[in-house]
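Nothing in this text is a laboratory measurement; each read-out follows from the coordinates by a stated rule. Please read all numbers here as calculations on a predicted model, not as lab measurements. Virtual Cβ from ideal backbone geometry, glycine too; neighbours counted across all protein chains shown.
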Amino acid sequence: MKNKPFNLRLGLILGTAILLILIQAVGLLPQVTTPLETMEYSARDSLMRLRGDETPSSDIVIVAIDDFSFNYTGYRWPWPRSYLAEIVHQINASGAKVVGVDIILFEPDEENGDEAFATALGESTTAVNILQITERREEGFSTSTLSQPLSPYREVLDGIGITSFIRDEDAVVRSLQAFDEYNNLLYYNWAFETAKLYLGVDSPSDPTNNSVQFNNESVPLYGGQLIVNYAGPAETYLTYSAASVALGDVLEQNPDAFKDKIVLIGATTVTLQDIYPTPFSTQIPTSGVEIVANAIDTIINGKYISIAPPWMSMLIILGMALIAYLITLSKRPTVTITLLLVGMIGYFVTAFIIFTQQRYVLPVVMPEIMLFLGVVLPTLEQAVSQELEKRRIRNLFSRFISPEMVDQMVATQDLDSLNKRSNITILFSDIRGFTTLSEKMSPEDVVALLNPYLEAMSKVIYKHGGTVDKYEGDAIIAFFGEPVPYEDHALRALNASLDMRKALYEMREKWAKEGKPSQIEMGIGLNSGEVFVGLVGSEQRINYTVIGDNANLASRLQDLTKTYSWPILISESTYQEVKDEYDVEFADAVTVKGKTQAVNVYKVIGKKGAKESEKVQEWKL
């Protein structure tokens, strides 16, 4: 039983799918990020940017330590906490529901303003501040340090949470750390603490790397990280300058500016370096406090982003491999390219719709790469295979017909266009006495002698632009002027005839040295005229040949070389074409078979002005 041939197309597609799945699997390893994962990050950013800005929660307001405030306070930092107390008093006066302070309160105030600030925070409906858990690794050991607000603040604060942004490998902040642990105690991100106080619900619970329970729903996490659903680029949320709040300008214009709202106090000035690139922009960074505002908005409105699990990504890759295989079944390149483009664009549009409608992120880069490579690689392989096959066919057929004819056969869409009547020169050649010689040799020796001879003569014919019609034993039939038309076809044929004799002399010398029969001569007949040139044969076998009376006359002239013992004979029509270049001698007017009138036959002497040694001599066998 024969083994089925290997399907290279299918192998390339499956190989690509397996490679992508392996890359996906490697990306699951801790501390390993593959280039394709980074590209997936960028694709997710593109989906968010294409979705555009969303309406930010009107319940979140930022009090910004901006450039104006920094300038107003004389570029001092840290600010006196008594000044921060004034800001909080203004916020409290407007009836804020939650005050979140994104300022480190780990060290005492140099101007003894901690009591005033703590009192202001204690008067807030609810207040939240930040803490930090720092891990240090030295010489194989790791230690954790907890930094938290001073005791006066801890006594009045309603919530304290970690503040940890996660920078991906491209430095873009797409998520924040949902929780951390210190001395077996869990601390949640202050975004969760703020949302808890605003919603009046219990603290988060049951944290894992994949989820945390909050407000009666499961919040999706990825490696303990919460993906932030950004409402837009920097300055999307309503923001007031801290100095304007402290001066009372904000409440003077709108007494309810902070009523029942989440008010976040934090730095937005570039000077304090609390700014980060986000999916919406890497050139215009967003302040840390506004990133937290986006995270709180995500939590209180349940706008969580879910990312397809790895197993789904692998299934999609396999699905794309199947689609790629089906596309490659098309035999028309335009259809293949169209289907590929439709498939790639269609999948991206589908992923975009699912993201905007369901906030569900499908993998984009790997499936698109799978579809692209799954179509392109087999197509390239097919193109290369076809080109190699064309070369193989060209090399094979060039042994029988001229290379030019092979090129035309490969290139033409209509083989009938190769059939025509044309004015050309036909060459017939034959080895004198070959039949008698072959009777004295074994078949193997005959072939060993004949094949090199035919190959050498064919090379000479091709060199002069001729086409080998066929071989009939030791006879060669060729023509000049088709499929590539030459005005000087007669001259080319005669030049080839003389070079064929030179090639024969060289072979005779070689055969003599090898002890092979070397007393071999060749007769050549040439005639020029109109004949039919084209493809003749059946569906099973076809031949590019010449048919017509002028072809027959060339054959008769070759036969007459025996009669006149002269190697090269030409007709009147050929003589008229070459007489300016060659010396010829009229031999006779002969009535040949198939002709009712005598035809003039000429002996070719040699090129005009040629040396005596270069002229054609009578046979002396």
Check your understanding: lysines near Lys261 by alpha-carbon distance under 17 Å, same-chain residues fewer than 8 away left out - which ones?
Key -> Lys97, Lys196
Revision key, fill the gap. For Thr208 and Lys420, extending 7 Å from Cα along the Cα-Cβ vector and measuring point to point gives, in nm, a value of 7.9
Review point. Looking at the square roots a ≥ b ≥ c of the eigenvalues of the Cα gyration tensor of the stretch 58-300, which shape do they give, rounded for a/c under 1.5, prolate if a/b is larger than b/c, or oblate?
Key: rounded
**Study point:** Between 0 and 90°, nearest 10: helix 310-328 axis offset from the chain longest Cα axis
**Key:** 30
Check your understanding: List the aspartates and glutamates whose alpha-carbon lies under 17 Å from that of Lys615, not counting same-chain residues fewer than 8 positions away?
Key -> Asp499, Glu506, Glu521, Asp580, Glu581, Asp583, Glu585
Review point. So in the chain, what percent of DSSP beta bridges are antiparallel if you round to the nearest 5?
Key: 75
Review point. Sorted by packing (mean other beta-carbon atoms within 10 Å per residue), highest first, where do 159-169, 500-510 land?
Key: 159-169, 500-510
Exercise for review: For the stretch 536-621, state which GluC sites (Glu not before Pro) are in a DSSP loop and have at most 15 other beta carbons lying within 10 Å of their beta carbon.
Suggested key: Glu539, Glu581, Glu618
Exercise for review: Express in % the proportion of alpha carbon pairs of the stretch 255-300 at distances exceeding 12 Å.
Suggested key: 67
**Study point:** Dipole magnitude of the stretch 58-300, debye to nearest 20 (Cβ charges: Lys/Arg +1, Asp/Glu -1, about Cα centre)
**Key:** 260
Review point. Using a simple charge model, +1 on the beta-carbon of Lys and Arg, -1 on the beta-carbon of Asp and Glu, nothing else, what dipole does the chain show about its Cα centre, in debye to the nearest 20?
Key: 4380
Revision key, fill the gap. Helix 190-199 sits off the longest principal axis of the Cα atoms of the chain, rounded to the nearest 10 on a 0 to 90 degree scale, by 60
Review point. Extension gain Asn184-Gln283, at 0.36 nm per residue separation less the Cα-Cα distance, in nm?
Key: 31.6 nm
Practice item. Taking only the C-alpha atoms, wrap a convex hull around the stretch 253-385 and report its volume per residue in Å³ as a whole number. Key: 182
Exercise for review: Could you tell me which of Asn210, Thr143, Gln283 has its Cα farthest along the dipole of the stretch 58-300 towards the positive end, charges placed at Cβ (Lys, Arg +1; Asp, Glu -1), taken about the Cα centre?
Suggested key: Asn210
**Study point:** Derived scalar couplings ³J(HN,Hα) [the stretch 208-220; Karplus, 6.51 cos²θ - 1.76 cosθ + 1.60; whole Hz; x for Gly, Pro]
**Key:** 9, 5, 9, 6, 8, 8, 7, 6, 6, 8, 8, 8, x
Check your understanding: Taking one equal scatterer on every alpha-carbon of the stretch 12-152, how large is log10 of I(q)/I(0) by Debye at q = 0.10, 0.15, 0.19 1/Å?
Key -> -0.66, -0.96, -1.12
Review point. What order, most packed first, do the peptides 259-272, 449-462 have when packing is the mean number of other Cβ atoms within 10 Å of each residue?
Key: 259-272, 449-462
Revision key, fill the gap. Expressed as a whole-number percentage, the relative contact order of the chain with C-alpha contacts under 8 angstrom and at least six residues apart is 12
Point to revise | Residues whose placed amide H lies under 5 Å from that of Tyr182, excluding near-sequence neighbours | key: Tyr187
Practice item. Report, in debye and to the nearest 20, how large the dipole of the stretch 403-614 comes out about its Cα centre when Lys and Arg carry +1 and Asp and Glu carry -1 on their Cβ. Key: 480
Practice item. For Glu572 paired with Glu455, estimate the spin-label separation in nm (one decimal), with each label point 7 Å from Cα along the Cα-to-Cβ line. Key: 4.3
Exercise for review: Please name whichever of Gly223, Thr425, Gly74 sits farthest to the positive end of the charge dipole of the chain, dipole taken about the Cα centre and charges placed at Cβ: Lys and Arg +1, Asp and Glu -1.
Suggested key: Thr425
Point to revise | Long-range amide H partners of Leu176 with built H, under 5 Å | key: Ile166, Leu226, Val228
Review point. Considering the zone a paramagnetic label at Arg154 would reach in this model (a point 7 Å from Cα along the Cα-to-Cβ line), which residues of the stretch 178-211 have amide N under 18 Å from it?
Key: 180-190
Study note, to complete from the structure: Yeah, the stretch 497-621 with a ≥ b ≥ c from its alpha-carbon gyration tensor (a/c under 1.5 is rounded, else prolate when a/b outruns b/c, oblate otherwise) is oblate
Exercise for review: Would you work out if the stretch 70-157 is rounded, prolate or oblate? Take a ≥ b ≥ c from the square roots of the eigenvalues of the alpha-carbon gyration tensor; rounded if a/c is under 1.5, else prolate when a/b is larger than b/c, oblate otherwise.
Suggested key: prolate
Exercise for review: Would you calculate the separation in nanometres between label points at Thr119 and Glu217, each defined as 7 Å from the Cα along the Cα-to-beta-carbon direction?
Suggested key: 4.2
Practice item. Among the listed pairs Lys459/Lys562; Lys420/Lys593; Lys513/Lys611; Lys463/Lys502; Lys463/Lys611, give every one whose C-alpha distance is greater than 22 Å. Key: Lys459/Lys562; Lys420/Lys593; Lys513/Lys611; Lys463/Lys611
Check your understanding: Assuming a viscosity of 0.890 mPa s and a temperature of 25 °C, what translational diffusion coefficient in µm² per second does Stokes-Einstein assign to the stretch 497-566, Rh being the Kirkwood radius over Cα pairs?
Key -> 166
Practice item. Please figure out what share of the DSSP beta bridges in the stretch 58-300 is antiparallel and state it in percent, rounded to the nearest 5. Key: 55
Point to revise | Difference of contour (0.36 nm per residue) and Cα-Cα distance, Val335 to Ile354 | key: 4.1 nm
Review point. Which semi-axes, in whole Å and largest first, does the equivalent ellipsoid of the chain have when worked out from the alpha carbon gyration tensor as the square roots of 5 times its eigenvalues?
Key: 98, 24, 22
Exercise for review: Would you mind checking the tilt of helix 365-397 against the longest principal axis of the Cα atoms of the chain, expressed as 0 to 90 degrees and rounded to 10?
Suggested key: 10
Exercise for review: Please find the FRET efficiency linking Asp559 to Ser518, where r is the Cβ-Cβ separation and R0 is fixed at 30 Å, and quote it to the nearest 0.05.
Suggested key: 0.80
Check your understanding: Normalised by the residues of the stretch 58-300, what does the relative contact order come to in percent, with Cα pairs under 8 Å and at least six apart?
Key -> 29
Check your understanding: What length, rounded to one decimal in nm, is gained on full extension from Ser613 through to Leu315, with 0.36 nm per residue of separation minus their alpha-carbon distance?
Key -> 99.1 nm
Exercise for review: Can you find, among Tyr304, Ser330, Val270, the residue farthest towards the positive end of the dipole of the stretch 239-340? Put +1 on the C-beta of Lys and Arg, -1 on that of Asp and Glu.
Suggested key: Ser330
Exercise for review: Enumerate the amide H contacts of Val599 below 5 Å, restricted to partners 5 or more residues apart or on another chain; note that Pro and chain-start residues carry no placed amide H.
Suggested key: Val590, Thr591, Val592
